[in-house]
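The values are calculated or read from the model by the stated rules, or taken from the named source; none is laboratory data. Given the structure is predicted, the values throughout are model-derived calculations rather than measurements. Cβ placement follows ideal geometry from the backbone for every residue including glycine, while neighbour counts extend to all protein chains displayed. Heavy atoms of the whole protein, side chains included, go into the accessibility calculation; ligands, DNA and RNA do not. Shrake-Rupley method; radii C 1.70, N 1.55, O 1.52, S 1.80 Å.
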Amino acid sequence: MRPYVDCHNHIGRTIDRPPTPADYQSRFSHDTETMRPGYHAVRLDDHRIDVELTATERVGFHRYRYSDTGVQSVLFDLGAELGPSQMSDAAVE
């Protein structure tokens, strides 16, 4: 999952090519990052989004706080590999 604001043509910004991961990635600073077991917080500088991730043994939560007033979205990349395993039968309902 990647949060972003106004990234490509179907949500408000025109680009003349298919989107790439570079269209969604963002710089961040370890100086403003917080990490401890079960919690991770970081500011995505390019899109001005504050991200908080928490996890327990069975569940994880994401919170995104957007500073910009543009179209606010989260991209679900269901075709990506996570670690040493492949994703199969992924769906969003």
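Just a few scattered comments:
- Residue match in region 64-81 (condition: open to solvent by 90 Å² or more (accessible area, probe 1.4 Å), at pLDDT 85 or above and out of contact with any Ser or Thr (no Cβ under 7 Å at 6 or more places or on another chain)): yes
- Residue check, Arg17 open to solvent by 70 Å² or more (accessible area, probe 1.4 Å), modelled with pLDDT under 70 and either basic (Lys, Arg) or in a strand (DSSP E or B) (or both): yes
- Any hit, region 28-36, residues being aliphatic (A, V, I, L, M) and either at pLDDT below 70 or open to solvent by less than 70 Å² (accessible area, probe 1.4 Å) (or both): no
- So Ala91, is it at pLDDT below 90, of a type in the set (Gly, Ala, Ser) and out of contact with any Lys or Arg (no Cβ under 9 Å at 6 or more places or on another chain): yes
- Every residue from region 44-63 that is without any contact (Cβ under 8 Å) to a residue 40 or more places away in the chain, part of a strand (DSSP E or B) and open to solvent by 70 Å² or more (accessible area, probe 1.4 Å): Phe61, Arg63
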